[in-house]
Amino acid sequence: MNYQFYKYEGCGNDFVIIDDRANKLELSVDTIARLCDRRFGIGADGLLLLRSMPEYDFRMVYFNSDGSRATMCGNGARCLSAFAHKVGAIKTTGRFIADDGPHTAEIIYIEDTETQVAISMKDATPDENTADHLFINTGTPHYVLFVDDIKTVDVVSIGRKIRNNPEYAPIGTNVNFVQFLSEGIVVRTYEKGVEDETLACGTGVTASAMAASLKTGSTSVPVKVLGGNLHVSFNRKDNTFTDVVLTGPARLVYTGETSMF
């Protein structure tokens with residue numbers, strides 16, 4: 001049996017999306033990993049299921065490319081919201097729930113295959129905030145490290161070492177490298193579950209913007225990533241961030257069918 005899938009990307013962070021509003025699809029870790037494999041499968045940083053949920057417009061279920069389940073993915077949430085709009089699950093705005101709790105989505109505009117989407121993110125307070133780094137959960141855990149020259153940072157080797165630090169076991173952590181720009185910040189991210197650098201990470205960008213705010217006081221932060229541009233805004237009282245909004249593009253790349261299930 002063939003199943004239809006949709007390939008989306010948000011600033012180069014790419015996803016396989018499947019419409020499972022019947023809530024019947026069960027995928028093994030091995031199947032998800034094969035679907036996300038860039039040589040033997042469709043290829044993606046993760047897989048998203050659009051599911052039905054009482055009292056919400058939809059439920060978001062997210063898996064990393066290694067088949068492990070993750071609580072939240074900011075770029076994935078924007079892509080899934082764009083897809084939900086495409087299939088009529090939401091109109092201009094909608095409410096959805098992910099494993100980290102409820103969120104809202106707003107479709108700002110649509111141009112050709114690209115949709116500009118704003119999603120609400122969870123409130124957050126740093127668990128660690130030192131001169132060296134910040135550790136904060138923005139739906140999934142993130143370690144934020146400021147650097148002087150982001151172009152020369154060995155994201156993979158340093159990121160992998162921090163990601164596997166026993167201090168963050170058993171879940172591990174994503175690792176973000178951040179450099180200040182004349183306006184905003186630039187971010188590179190090592191993602192657990194992908195176990196490599198990705199072109200963008202929505203929860204990581206959100207964590208990095210919060211870390212930058214603690215140094216600059218800004219509550220509206222433009223962010224450059226390898227795959228494009230994002231924006232994070234929030235309210236802040238002391239070290240607590242509320243009314244957090246992540247805004248950026250979500251683009252339908254192609255649709256297809258697979259029998260790999």
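Select from the stretch 68-125 the residues that are in a loop (DSSP other than H, G, I, E, B), farther than 12 Å from PHE58 by Cβ and touching a residue at least 60 places away in the same chain (Cβ under 8 Å) and list them in ascending order. Selection gives SER68, THR71, MET72, CYS73, THR113, LYS122, ASP123, THR125. Hey, can you tell me all the residues within the stretch 56-79 that are surrounded by fewer than 22 Cβ atoms within 10 Å (Cβ to Cβ) and basic (Lys, Arg)? Residues satisfying the conditions are ARG59, ARG69.
For the stretch 7-55, filtering for residues that are part of a strand (DSSP E or B) and either under 17 Å from ALA70 (Cα atoms) or in the same structural domain as GLY204 (by TED's automatic domain parsing) (or both) leaves 12. When the stretch 37-47 is filtered for residues that are crowded, with 24+ Cβ neighbours inside 10 Å and either among the aliphatic types (A, V, I, L, M) or touching a Leu at 6+ places or on another chain (Cβ under 9 Å) (or both), the ones remaining, listed by number, are ALA44, ASP45, LEU47.
The rows are residues; the columns are (1) among the charged types (D, E, K, R); (2) assigned by TED's automatic domain parsing to the domain that holds ARG69; (3) free of Cβ contacts under 8 Å to residues at least 12 places away in the same chain.
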| site | (1), (2), (3) |
| --- | --- |
| GLU167 | yes, no, yes |
| VAL187 | no, no, no |
| GLU191 | yes, no, no |
| ASP196 | yes, no, no |
| LEU199 | no, no, no |
| MET210 | no, no, no |
| GLY217 | no, no, yes |
| HIS231 | no, no, no |
| LYS237 | yes, no, yes |
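Among the criteria (1) small (Gly, Ala, Ser); (2) in contact with a helix residue (DSSP H, G or I) (Cβ under 9 Å, 6 or more places away or on another chain); (3) on the phi < 0 side of the Ramachandran plot, the one ALA211 does not fulfil is (2). Would you confirm whether or not the stretch 167-178 contains a residue that is closer than 20 Å to ALA77 by Cβ and not in a loop (DSSP other than H, G, I, E, B)? Yes, some residue in the stretch 167-178 is closer than 20 Å to ALA77 by Cβ and not in a loop (DSSP other than H, G, I, E, B). Residues in the stretch 1-20 that are over 14 Å from VAL194 (Cβ atoms) and surrounded by fewer than 17 Cβ atoms within 10 Å (Cβ to Cβ): MET1, ASN2, TYR3, GLN4. For the stretch 126-136, the tally of residues that are out of contact with any strand residue (DSSP E or B) (no Cβ under 6 Å at 6 or more places or on another chain) and free of Cβ contacts under 8 Å to residues at least 60 places away in the same chain stands at 3.
The values are calculated or read from the model by the stated rules, or taken from the named source; none is laboratory data. Computed from a predicted structure; not experimentally measured. Glycine also receives a Cβ, built like all others from the backbone with ideal geometry; neighbour counts cover every protein chain displayed.
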